[in-house]
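J.: Sharing a structure, written as structure tokens. Questions coming.
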Amino acid sequence: MFNDLRSAVRRIEEEIEKLVEEQNRSLRATASRLALLYLQKERMEELLAKAETETVPMPLPAAPASPPPPGRPERAGASSVVLGRAATVIVEALERAGEAGLSGTELNDAVRDAQMSKDASEKAKTRLKRLGLVRHDELARRWYPLPRAEVGARRRRSETSGPAGA
């Protein structure tokens, strides 16, 4: 009877030792992982501090763009902007329409007639509006070309005032 109890106690002691060893291995692995993470964090902070003190070289201004091909209008302040085919079709259609402007559907039709998709037309209209080359009257649902002087003035205002809302 005492032998059975002694062997039961030994089994429990062995199980306790196994659990303690397993916990020690787990703690060592966790400590090793933590040390690695702290080391990585320290290196990144050093790199960040070094980067903040260094001066970043500013890129040189782009070389002046070549004059636009015949038949394509040159916009003030937009000579460095490269327009895609759909945007070019839209600008030309708006300039032909003059002050009357064109509806979005008419612009989409002009782009479609040039063998491009409606998606290309929508993207081009958005880009032209963002670049300040066209104006969209949402109430009248018409698009208008901006006069060349107004394009240049808008560009200068946006360059000096920074992002919208600033």
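Every number in this text was worked out from the coordinates using simple rules, so none of it is lab data. These figures come from a predicted structure and were not determined experimentally. Counting neighbours? That spans all protein chains shown, and the Cβs are built from the backbone with ideal geometry, glycine included.
J.: If we count other beta carbons within 10 Å of each Cβ, what is the order of Ile16, Ile90, fewest first?
T.: Result, fewest neighbours first: Ile16, Ile90.
J.: Would you list which aspartates and glutamates come within 19 Å of Lys129, measuring only between C-alpha atoms, while excluding same-chain residues fewer than 8 positions from it?
T.: Glu74, Glu92, Glu95, Glu99, Glu106, Asp109, Asp119, Asp137, Glu138, Glu150, Glu159
J.: Can you list the aspartates and glutamates whose alpha carbon is less than 19 Å from that of Lys41, not counting same-chain residues fewer than 8 positions off?
T.: Within the straight-line limit of under 19 Å, Lys41 reaches these aspartates and glutamates: Glu52.
J.: Mind pulling the per residue volume of the convex hull built on the Cα atoms of the range 1-47? Å³ is fine.
T.: So the per-residue hull volume is 27 Å³.
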